[in-house]
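We did not get these values from a lab; they are worked out from the coordinates using the rules stated. Everything numeric here is computed off the predicted structure, so don't read it as measured data. Cβ coordinates were reconstructed from backbone atoms using ideal geometry, including for glycine residues, and neighbour counts include every protein chain displayed.
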Ligand code: TRP
């Protein structure tokens, strides 16, 4: 049998998994959610969710994946409960759909990277709004960029675990961090930037309501790539000596740190030119190009470089995430159906690209492409992020907390006794009670039942 890939070093494990976690969720969604939900108060609640619920959730998926060292479906089926496999299937389906619509926005980022290099984004506010409108309503161009993004992802994943995924993450993640640091410094040096920093660091609890907690929880799960068997698939490439608790903590810290830095990049610049960064999708395609233009009016060349760096940052962050979504299905087809890795990857690419095309058309030229009264793109987002992803995390918690033999969990948690079990009880408590209960609350709230 062909030897299964593994990530080569501790650093590779952190960079690839953090690569999955750090994405458009951190750089685009986190800042505007913070803007809408009270700034620093939201961040504190978000961090609470990451540490109390996110880390235990991550460890659970790590345990499932590393225990059986196989694709998501087999890994979940290998815990002593055959029906566990269904959670694996759910994860594979969820991540395939997420990749389909995520690639639409990633494709826009790629097109904006091109546009900023070609100097197409120079113009006043009306021009920038028109540019976005005419691009996004075009039937062909956004589809091509979105499908292009899926195909780029394909070529990385088809190269394999070490040569493709690990290599790309080792290159892209350090680049991403360097660009982010440059942009944070540039933004914080602008005149009037202090107000943005204040907004981000001084909590205003008056905006906090029940739904802010739920928004924070949903954002934490999406940002950590939880609930779709993604972490389980990556953990199947971890080594037997990998410390799961430590890795989960490091990745959660990196992911949250990068989200907060993204806030420190966007808020000071936006406040400096007097706009509130609380708009949704238009934040990165309309508000920010305007902010860059106004903030660097006297130094257009700096504005030009900053906007290229910004879109490169988005593309790199999105790519390391789409790679992780693609790998879940590719590993499944490759190992369960015994297809060559490249064939498995192509099949997944074709499925995802088809979803991308329909989603892209539904927010552009063909807004009548709807399901349940929502454009297809919004429907896929709603279905995955609000239903399938929490369901995956919920069932994983129930399976591990209540059904799987505790011996198996503690053996994986401590690497068969090599590590101390200090936090095991806290982990188990969270997985048995806190995680499922909180997810249940989100569900009930979402459907207006509480
Ligand atoms: N975490 C990524 C982000 O913040 C998105 C992501 C990657 C993801 N893989 C995932 C989300 C799997 C859910 C499931 O953008």
Any chance you could list the semi-axes, whole Å, largest first, of the equivalent ellipsoid that the Cα gyration tensor gives for segment 341-450, using √(5λ)?
38, 22, 9
Taking 0.36 nm per residue of separation between residue 366 and residue 419 and subtracting their Cα-Cα distance, the length gained on full extension comes to 13.5 nm
Mean ellipticity per residue at 222 nm, deg cm²/dmol - from DSSP H runs of n ≥ 4 across the chain, formula -39500 (n - 2.57)
-22000 deg cm²/dmol
Tell me, what does the Kirkwood hydrodynamic radius of segment 79-171 come to in angstroms if you use every pair of distinct C-alpha atoms?
16.0
What does the extension gain come out to for residue 3 and residue 204, with contour length at 0.36 nm per residue minus their alpha carbon separation?
67.0 nm
Show me, bin by bin at 10 Å from 0, the whole-percent P(r) of segment 1-48 based on Cα pairs.
22, 31, 25, 15, 6, 1
Rg in Å to one decimal, and Dmax rounded to a whole Å, for segment 221-356 via C-alpha atoms
19.5, 60
In whole Å, what is the distance between the alpha-carbon centres of segment 430-450 and segment 160-196?
34
With 10 angstrom as the radius, rank 135, 332, 199 by how many other C-beta atoms surround their C-beta, starting from the fewest.
135, 199, 332
Taking just the alpha-carbon atoms of segment 390-450, what radius of gyration and Dmax come out, in angstrom?
13.9, 47
Ascending count of other beta-carbon atoms within 10 Å, so fewest first, for 198, 124
124, 198
For the chain, what is the largest minus smallest coordinate of the Cα atoms on each principal axis, given in angstrom and ordered from greatest to least?
64, 48, 44
Given N residues in segment 1-80, what is its alpha carbon radius of gyration divided by 2.2 N^0.38 Å?
1.43
How many percent of Cα pairs in segment 312-389 exceed 20 Å?
48
Express in nm, to one decimal, how much length is gained between residue 403 and residue 426 on full extension, taking 0.36 nm for each residue of separation and deducting their alpha carbon distance.
6.5 nm
Mind running the shape call on segment 45-110? Use the C-alpha gyration tensor, a ≥ b ≥ c as the square roots of the eigenvalues: rounded below 1.5 for a/c, prolate if a/b tops b/c, oblate otherwise.
oblate
Over its Cα atoms, what ratio of radius of gyration to 2.2 N^0.38 Å does segment 127-239 give?
1.50
Mean shadow area of segment 125-171, taken as a quarter of the surface of its Cα convex hull (nm²):
4.5
Does segment 221-289 classify as rounded, prolate or oblate by the C-alpha gyration tensor (a ≥ b ≥ c root eigenvalues; a/c under 1.5 gives rounded; else a/b over b/c gives prolate, otherwise oblate)?
prolate
Give me the distance in nm between label points sitting 7 Å out from Cα along the Cα-to-Cβ direction at residue 81 and residue 118, one decimal.
5.3
Return the equivalent ellipsoid semi-axes of segment 1-155 as a descending list in whole Å, where each equals the square root of 5 times an eigenvalue of the C-alpha gyration tensor.
36, 22, 15
